[in-house]
């Protein structure tokens, strides 16, 4: 049976599923219930400096994007860091860690960009016996306007500076949480490493407005007729997060740096994909807020079954296996030719493939054959784009098949050898006179 235990920066947990810093980790009551449900660790909701706590809105804090079946695809929030006083949070963190010594306890922090402020709160957090800290450089709303959160995460020099302060003034492993609201995620990751950070976690929420009420014309969620940009999370952000994780995992300067993956982890499969791209664990928020803490039971069971089927004893056996297969477009094999194939036994004759291909692609699927409604691929027109696969409502009804010999579309022999854009004759840079 697979062993899901992880050792991330020396922080041990029984499985790779951690709750992210968010409302589910705001107090001892929640965290203890999460641990009882099976979560391997938590990142305690972001603490601020000593003094009057921040003030959250006393009204709607969430906006949402749903699928046709009302399934939650994306969640937007305008909530700030904890609005509970620092002393209460620190006391509860210490109590919970002592009760649950085998679970990971990470404390998220956000204070003004001043060395003394960081030094002061780090000392207080160390007294809780927490396992590590996560620097919240990602929050895109409310706190960023005060010079914290994403306002720091968007400036690599600030990231490096604060990370260095934390390593100088604390014994705890330091994780830097990165904002996705930036052009190139590699630069803040490099800065975190240069500052001595032990790991990065990503992504934090994406700055967004999810909808506008067309009766009162207020962005949602609405507070007294006004709305503000918030942080977007949930299944919809997963593709963005996976791409950013991959960029860090394969970057020459950050390759090998421990990563905690965040963004749209709803199932065990999502978690496995993050691990395959190099993550040592995953952090979950929206799934727990949607389905409750017991969702972790399905995640644990599913990941364990997958690992057993593949013969993986620990997550280290497949962690990072997908990284070498992530490449730039220019290195893709241009001699790899595929055609769509429709399984007539599975086809329900809905016509989606034909409509999509006829109206928006390459007119390569019939809707009538010999006067009868039938959907077949026209190899002479098919470019292998796989749009039909993605719009078909029946799993595995349409598949892509690699072909060899002659391409019916181009009428040209298919070169069996690998060739990419850097060497292709159509690339001006590859021509003999390109340097002239």
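The values are calculated or read from the model by the stated rules, or taken from the named source; none is laboratory data. Please read these numbers as outputs of a predicted model, since none were measured by experiment. Backbone-built Cβ (ideal geometry, glycine too); neighbour counts: all protein chains shown.
Observations on the structure shown:
- Annotation: of all residues in the range 10-21 being assigned to a loop (DSSP other than H, G, I, E, B) and touching a strand residue (DSSP E or B) at 6+ places or on another chain (Cβ under 6 Å), the one that is nearest to residue 278 (Cα to Cα) is 16.
- Those residues of the range 16-34 which are in contact with a helix residue (DSSP H, G or I) (Cβ under 8 Å, 6 or more places away or on another chain), within 25 Å of residue 171 (Cα to Cα) and buried (at least 23 other Cβ atoms within 10 Å of the Cβ), in sequence order: 16, 17, 19, 22, 25, 31
- Residue within the range 279-293 that is surrounded by fewer than 15 Cβ atoms within 10 Å (Cβ to Cβ) and closer than 25 Å to residue 79 by Cβ present: yes
- Here the range 342-365 is the region considered, the condition is being crowded, with 17+ Cβ neighbours inside 10 Å and closer than 24 Å to residue 405 by Cα, and the residue that is nearest to the chain's Cα centre (by Cα) is 342.
- Among (1) over 30 Å from residue 226 (Cβ atoms); (2) more than 28 Å from the chain's Cα centre (by Cα); (3) assigned to a loop (DSSP other than H, G, I, E, B), the one test that residue 39 misses: (2)
- Matching residues, the range 196-213, being part of a loop (DSSP other than H, G, I, E, B), farther than 14 Å from residue 136 by Cα and modelled with pLDDT under 95: 209, 210, 211, 213
- Filtered residues of the range 62-95 (kept if assigned to a loop (DSSP other than H, G, I, E, B) and surrounded by 17 or more Cβ atoms within 10 Å (Cβ to Cβ)): 78, 79, 80, 81, 82
- Per the conditions (1) more than 30 Å from residue 249 (Cβ to Cβ); (2) in a loop (DSSP other than H, G, I, E, B); (3) in contact with a strand residue (DSSP E or B) (Cβ under 8 Å, 6 or more places away or on another chain), the sole criterion not satisfied by residue 353 is (2).
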